[in-house]
């Protein structure tokens, strides 16, 4: 078994995949603003950039897991379903970025969370965390944007270990 956080998988979207990400991100951006949905982004980036990176990273994670992403413009509590389990895809451009979730996620928690680091069209899948490992009192911190749940990359399970868990069981 690989040590937690020691491996990663690089995924680069094709030009067509990037165009799909841009199209869906634009529709989600427009739909959310029309519906007055507040973006819970953590950082100084624009809402559109958050939506684009979110959609592109969802496509990258789906590609790595060989599943279809949700391509609707509706905002769901989860981004992917793998083996019947819900996954929330989180992304950051910071190489040492953490897997983060808002404190309100407990009400709409997914089974797993995955951290991708990069910018469209290329991402590194840094690892996965089970809901109970990310959304605990022990993970609450403030990274400068208010309190949230956060795990460092060394606390995450690699993609290969995540996949092995389902092959063995």
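Numbers for the structure displayed
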{"item": "Which numbered condition residue 166 fails, given (1) touching a residue at least 60 places away in the same chain (Cβ under 8 Å); (2) under 15 Å from residue 99 (Cα atoms); (3) in a helix (DSSP H, G or I)", "result": "(2)"}
{"item": "Selected residue (criterion: surrounded by the most Cβ atoms within 10 Å (Cβ to Cβ)) from residues of the range 57-102 that are in a loop (DSSP other than H, G, I, E, B) and touching a residue at least 60 places away in the same chain (Cβ under 8 Å)", "result": "102"}
{"item": "The listed residue being surrounded by fewer than 22 Cβ atoms within 10 Å (Cβ to Cβ) and within 20 Å of residue 12 (Cβ to Cβ), out of 137, 132, 119, 165", "result": "119"}
{"item": "Residue check for residue 132: outside any strand (DSSP E or B), out of contact with any strand residue (DSSP E or B) (no Cβ under 9 Å at 6 or more places or on another chain) and closer than 22 Å to residue 58 by Cα", "result": "yes"}
{"item": "Some residue of the range 22-41 being closer than 24 Å to residue 133 by Cβ, surrounded by 19 or more Cβ atoms within 10 Å (Cβ to Cβ) and either in contact with a helix residue (DSSP H, G or I) (Cβ under 8 Å, 6 or more places away or on another chain) or modelled with pLDDT under 85 (or both)", "result": "no"}
{"item": "Residue that is part of a helix (DSSP H, G or I) and without any contact (Cβ under 8 Å) to a residue 12 or more places away in the chain, where the choices are 138, 154", "result": "138"}
{"item": "Test for residue 107: is it surrounded by 12 or more Cβ atoms within 10 Å (Cβ to Cβ), modelled with pLDDT under 90 and under 23 Å from residue 150 (Cβ atoms)", "result": "no"}
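Conditions tested, residue by residue: (1) under 23 Å from residue 13 (Cβ atoms); (2) at pLDDT below 90.
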position: 72; (1), (2): yes, yes
position: 80; (1), (2): yes, no
position: 86; (1), (2): yes, no
position: 111; (1), (2): no, no
position: 125; (1), (2): yes, no
position: 152; (1), (2): no, no
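The values are calculated or read from the model by the stated rules, or taken from the named source; none is laboratory data. The model shown is predicted, which means the values in this text are computed figures rather than measured ones. In this analysis, Cβ positions are derived from the backbone assuming ideal geometry, glycine residues included, and neighbour counts consider all displayed protein chains.
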